[in-house]
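Undergrad: Dropping the structure in here first, questions after.
The values are calculated or read from the model by the stated rules, or taken from the named source; none is laboratory data. None of the values given here were measured: they were computed from a predicted structure. Cβ placement follows ideal geometry from the backbone for every residue including glycine, while neighbour counts extend to all protein chains displayed. Just the protein is used for accessible areas: all its heavy atoms, side chains included, with ligands, DNA and RNA removed. Shrake-Rupley method; radii C 1.70, N 1.55, O 1.52, S 1.80 Å.
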Amino acid sequence: MSTATTDTAGPRRRRWKAVAVLRRATLILLVLAQTLAGLYGMQSVLPYHGGNLLEKGILFLFAVLFAWISVGFWTALLGFWLRRRGGDPWSLVRRYDAATVAATPLARTAVVMPIYNEPVDRTLAGLRATIQSLRDTGELEHFDFYLLSDSRDAQQWLEERTGWYRLCQEQGLQGRLFYRHRPVNLNFKSGNVADFLRRWGKDYEYMVVLDADSVMGGATLTRMVRHMELAPKVGILQTSPSLINAHSAFARFQQFANRVYGPLFTAGLAGIQLGEAAYWGHNAIIRCKPFMEHCGLQHLSGFGLFRGPIMSHDFVEAAYMGRAGYEVWMEPELDESYEESPPTLVDELTRDRRWAKGNLQHAWLFLFAPKLRFAHRMAFLNGILSYLSSPIWLAFLILTSIEATRLTLWPIDYFPEQQNSMFPAWPEWHPHWAVGLILSTFFLLFLPKFLAIADVLLSGRRRQHGGAWRLFASVCLELLVSMLLAPIRMLTHSRYVLGALFNLSLHWGGQNRTDETGWREAFVSHAPGTLLAAGWAGLALWLDPFFFFWSLPVALPLILAAPTSVVLSRVALGEALRRRRLLLTPEEQRLSPQVDAIADPRPLNPGALSAFDAAVVDPDLNHLHRALARRRRCLEPEAREEWLQRCIQHGPEGLNRRQLNALARDDEALARLHRAAWVAPPDSYWGTRIGLVKRRDYG
C-alpha cells in the first residue's frame, strides 16, 4: 500500500497551468510572426510572387517547413534561458525541497524491462548495473525486477533465461528478480507491459519501464519514487536519457549531439509542456493503478493505416493519463538516466520505419480521440510532423524544380489565366531576397547549436567535452555530418511515410547494436536515392548553372549516401575521434559505474555451448528449463518423436526453429534429451558437448 503524502501544492499546480498557457501562447505568436516574415521573403523571391497555382503550392509547403524550423528555434531559446537562470522554477522536481524529498518513504516499485531478440550479456549488464546502484543506496528492498521477453527463437530465450538464473544467483535476488517469456506475442512492447500489469500490476504502486539498452542510477530511481509519493496527481514522470557507450563514428556523433544540444531542447520542451508532457516509453516511472484503469490501448477503428493495433504506444498512454486528470512530467534535471544509440545510419533508418508508421497513426487520435488535452494533441502533431516534414521537404524540392524547368524551357506567360487582368504579369527576380532568406533559415537552424556551445562554456563544462577549442571543432564536425545526413533521412523518411499510407506490413525485430555496415548493404539500401539525386543534379546543370549549385546541398549528400553510411559505421573512425579528444561527452571524462558496467559487459553465460545445448547437457540448467517448461505435449506425437530422435542423433542443427521451440518448451522432451546426451558415445554430437561440461566442472 502506498504511503503517498497528500499533495499540498494544489495552488502551485493550478499556477503551473497558467504559466504553461502563457508560454505556449507566446510560442505560437512568435512562430506565426516569424513564419509570416519568412513567407513574405519567399513570396518576394518567386518570379510571379505567388501569382500562379504552382507558386501557391511552393509558398504553402515553405510555410509549413519554416514554421516547423521556427518551433525548434524558439524551443531551444527557451531552454537556453531556463538553463541560464538555473532551471525552471515551475518544474516538478523544484516543487519540494531536498530535505522533504529525502525524508519521504518509498513505495513498492517494479522495474520492468521488455526485451525482444536483444544481446543478452549487454541487456543483463545494464540491469545488473541498475540493481547494484540501487543496492548502494540501501533501498534495494523496495524494488523488484522483471525481464519480460517476447523473443521467438529458442536459442535466444533459453540464453535469456539462463542469464537471468545466473544473475539471480550472483545478486542474491531469488524471488525478487523474475523472468517471463510470453508465448503469444501480441501488440509488441505495449502488449508485453500490459501482460505484466494484468498479472502483477496490483502488487506495485509504481513501475519503472526500461528498454533493453537502458541503465539508471539508484539515486535517481529512489528520487523519482519519492516525488511520485509527494505528488499523487502525477501519473508519469519521464527522465531525459543521455546516450552512452558509442563506438562507431555515427553513434559518437549522435551521442555528442545528445549531450551538447539535447539539454537546451529538452529544457525548452519541458518548459512548454510542464505537467502535460509526453512519455517516451522508457526510463520513466508510472503510477500503476491509473495506468491500468485509463491507459489501455484499443485497436484503431479507422481504415488502412488507421485500423488495428497502435504501434507507437507511449504518446498515446501519456495522453490518456492526462485525460484521466493526472499530470505527466518530463524532468531534464533527473540525471543518471542512460540509453544507447543505433550504431549505424542503416540501423537508425530501419528503426525509424516503425516509428514513422506509429507516429502517423496518431493523426487519427489527434483528430478524433475525445477529451484529450491540447498539449497532448500538439505532442501528436509534433510526432507526425517529425516524419511528415520529410515528404513535405521533398515535395517543396519537386515544385521548385518544376518552377525552374518551366521558366527555362517554356516561354514566359505574361497573361496567366489566374490573373484575370488586361495588364501583363512581369516575372521578377530578386537575388538579394533569396540570399537573405537562405541566411535567415541557416540562422534558425544553426543558432541553437552555437547557443549550446555558450551554455557549455557558461556552465563550466568545457572540460567534459575536451576543452573550448575541441568543443568548437566537434560542433563544426557534427554540423558537417548532420548536413550530409539530413537529405538521406529526408528521402528515406519520405519512402517510409508513403509505405505507411499504403499500410505496408512491418517486421518487428531487435536492434543491431554492434555490426558495421558493409558496402553491399549500403549500396543496396541507398541506390534509389543516389540514382534519383544524380538525375536531379544532371537536370539542374542542364537547365541552369545557378539552379545546379542550389541543388548541390541536397543532391551531393544523396549521391554520397553509401560511402557516408559505410564510413560512419566504422568503429575504428569512432575510436580515432575519441583518441583525438573530439566528440567527447561527460561520461567519457569521469568515472560512472553504470556506464562503465555496460561498456564491456561481463558474460553471464561463458563457454562454448549454445543455449539449447547447455539446456540439454548441463544438469542445473536442464532442471531449471524443465521446471519452467509449459508442460505441453506436441499435438502430433509421431512428429514429436521424430524430432526427438533427429535431435538425439544429429543435434539441434537438424531441426527448424518451430521444431526446436516445441522441444525447448516441453519438459519431458528436455528430460529425454538430457538422459540421451549423458549416455551418448564420446565422439557423437552430444558426447562432445558432455566433454565440454566435464572439462568446465572438473578442469
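Undergrad: Hey, among the residues in region 212-228 that are assigned to a helix (DSSP H, G or I) and of a type in the set (Gly, Ala, Ser), which one's farthest from Gly163 (Cα to Cα)?
TA: Checking each candidate, the answer is Ala219.
Undergrad: Something else: If you scan region 230-240, which residues turn out to be within 18 Å of Asn283 (Cα to Cα) and either open to solvent by less than 10 Å² (accessible area, probe 1.4 Å) or free of Cβ contacts under 8 Å to residues at least 24 places away in the same chain (or both)?
TA: First pass over region 230-240, keeping only residues within 18 Å of Asn283 (Cα to Cα): 234-240.
Scanning region 230-240 gives Val234, Gly235, Ile236, Leu237, Gln238, Thr239.
Undergrad: Search region 203-218 for residues that are closer than 16 Å to Gln238 by Cα and pair each with any residue that is in a loop (DSSP other than H, G, I, E, B) and at pLDDT 95 or above when their beta-carbon atoms are under 6 Å apart and the residues are at least 6 apart or on different chains.
TA: Note: pairs meeting the criteria are Ser214/Asn283.
Undergrad: Here's something else I'd like to know. Tally time: how many residues in region 294-313 are loosely packed, with under 13 Cβ neighbours inside 10 Å and under 22 Å from the mean Cα position of the chain (by Cα)?
TA: Here the count works out to 1.
Undergrad: Pick from Arg495, Arg461: which is at pLDDT below 95, buried (at least 16 other Cβ atoms within 10 Å of the Cβ) and more than 23 Å from Ala555 (Cβ to Cβ)?
TA: Sole residue among the options that is at pLDDT below 95, buried (at least 16 other Cβ atoms within 10 Å of the Cβ) and more than 23 Å from Ala555 (Cβ to Cβ): Arg461.
Undergrad: Need pairs with beta-carbon distance below 7 Å; first residue in contact (Cβ under 8 Å) with a residue 60 or more places away in the chain and at positive phi and within region 565-584, second in a helix (DSSP H, G or I) and open to solvent by less than 70 Å² (accessible area, probe 1.4 Å); sequence gap 6+ or separate chains.
TA: Sorted first by the residue in region 565-584, then by its partner, the pairs are Leu583/Arg252; Leu583/Phe253; Leu583/Phe256; Leu583/Ser474; Leu583/Leu577.
Undergrad: Something else about it: One residue is enough: does region 112-122 have a residue meeting the conditions basic (Lys, Arg), in contact (Cβ under 8 Å) with a residue 12 or more places away in the chain and not in a helix (DSSP H, G or I)?
TA: The answer is no; no qualifying residue exists.
Undergrad: Let me ask another. For region 88-138, what are the residues that are over 18 Å from Glu339 (Cα atoms), in contact with a Leu (Cβ under 9 Å, 6 or more places away or on another chain) and open to solvent by less than 40 Å² (accessible area, probe 1.4 Å)?
TA: Asp88, Ser91, Leu92, Val93, Arg95, Tyr96, Val101, Thr104, Thr109
Undergrad: Shifting gears a bit: How many residues does region 535-585 hold that are over 30 Å from Thr400 (Cβ atoms) and open to solvent by 40 Å² or more (accessible area, probe 1.4 Å)?
TA: Looking only at that region, the number is 10.
Undergrad: Going through region 123-139 one residue at a time, which ones are assigned to a helix (DSSP H, G or I) and more than 21 Å from Arg180 (Cβ to Cβ)? It would help to see each step written out before you state the result.
TA: Filtering region 123-139 down to residues assigned to a helix (DSSP H, G or I) leaves 123-137.
Within region 123-139, Ala129, Gln132, Ser133, Arg135, Asp136, Thr137 meet the criteria.
Undergrad: Please count how many residues of region 339-391 are in contact with a helix residue (DSSP H, G or I) (Cβ under 7 Å, 6 or more places away or on another chain), outside any helix (DSSP H, G or I) and within 30 Å of His247 (Cβ to Cβ).
TA: Of the residues in region 339-391, 4 are in contact with a helix residue (DSSP H, G or I) (Cβ under 7 Å, 6 or more places away or on another chain), outside any helix (DSSP H, G or I) and within 30 Å of His247 (Cβ to Cβ).
Undergrad: Is it the case that region 202-219 has a residue that's among the polar types (S, T, N, Q) and open to solvent by 10 Å² or more (accessible area, probe 1.4 Å)?
TA: At the first step, the residues of region 202-219 found to be among the polar types (S, T, N, Q) are 214.
From what's left, open to solvent by 10 Å² or more (accessible area, probe 1.4 Å): none.
Scanning region 202-219 turns up no residue that is among the polar types (S, T, N, Q) and open to solvent by 10 Å² or more (accessible area, probe 1.4 Å).
Undergrad: Those residues that are under 16 Å from Leu609 (Cβ atoms) and open to solvent by 10 Å² or more (accessible area, probe 1.4 Å), I need them from region 163-173; list them, please.
TA: Tyr165, Arg166
Undergrad: Among the residues in region 124-145, are any among the hydrophobic types (A, V, I, L, M, F, W, C) and over 29 Å from Ser190 (Cβ atoms)?
TA: No, the conditions are met nowhere in region 124-145.
Undergrad: Residues of region 140-178 being in a helix (DSSP H, G or I) and acidic (Asp, Glu), which ones?
TA: Glu141, Glu159, Glu160, Glu170
Undergrad: Would you confirm, using the coordinates I've provided, whether Ala425 is outside any helix (DSSP H, G or I), of a type in the set (A, V, I, L, M) and either modelled with pLDDT of 90 or more or open to solvent by less than 40 Å² (accessible area, probe 1.4 Å) (or both)?
TA: Taking the combined requirement at face value, the residue satisfies it.
Undergrad: Looking only at region 396-414, filter to residues that are open to solvent by less than 40 Å² (accessible area, probe 1.4 Å) and not aliphatic (A, V, I, L, M); which one of those is modelled with the highest pLDDT?
TA: That would be Phe396.
Undergrad: Which of (1) among the small types (Gly, Ala, Ser); (2) in contact with a helix residue (DSSP H, G or I) (Cβ under 9 Å, 6 or more places away or on another chain); (3) over 20 Å from Ala395 (Cβ atoms) does Gly86 not meet, given it meets every other one?
TA: With respect to (1) among the small types (Gly, Ala, Ser); (2) in contact with a helix residue (DSSP H, G or I) (Cβ under 9 Å, 6 or more places away or on another chain); (3) over 20 Å from Ala395 (Cβ atoms), Gly86 is out only on (2).
Undergrad: Could you tell me which numbered condition Gly383 fails, if it satisfies all but one of (1) under 16 Å from the mean Cα position of the chain (by Cα); (2) of a type outside the set (Phe, Trp, Tyr); (3) open to solvent by 30 Å² or more (accessible area, probe 1.4 Å)?
TA: Every condition holds for Gly383 apart from (3).
Undergrad: Another question, if that's okay. Hey, does region 245-261 have a residue that's over 29 Å from Glu478 (Cα atoms), open to solvent by 10 Å² or more (accessible area, probe 1.4 Å) and of a type outside the set (Lys, Arg)?
TA: no
Undergrad: Among the residues of region 655-666, are any open to solvent by 80 Å² or more (accessible area, probe 1.4 Å), assigned to a helix (DSSP H, G or I) and modelled with pLDDT under 90?
TA: yes
Undergrad: Can you name the condition, by its number, that Ser151 falls short on among (1) surrounded by fewer than 20 Cβ atoms within 10 Å (Cβ to Cβ); (2) more than 15 Å from Gly126 (Cα to Cα); (3) not β-branched (Val, Ile, Thr)?
TA: (1)
Undergrad: Now for a different question. So is Phe196 aromatic (Phe, Trp, Tyr), within 24 Å of Gln132 (Cβ to Cβ) and without any contact (Cβ under 8 Å) to a residue 60 or more places away in the chain or not?
TA: It is false that Phe196 is aromatic (Phe, Trp, Tyr), within 24 Å of Gln132 (Cβ to Cβ) and without any contact (Cβ under 8 Å) to a residue 60 or more places away in the chain.
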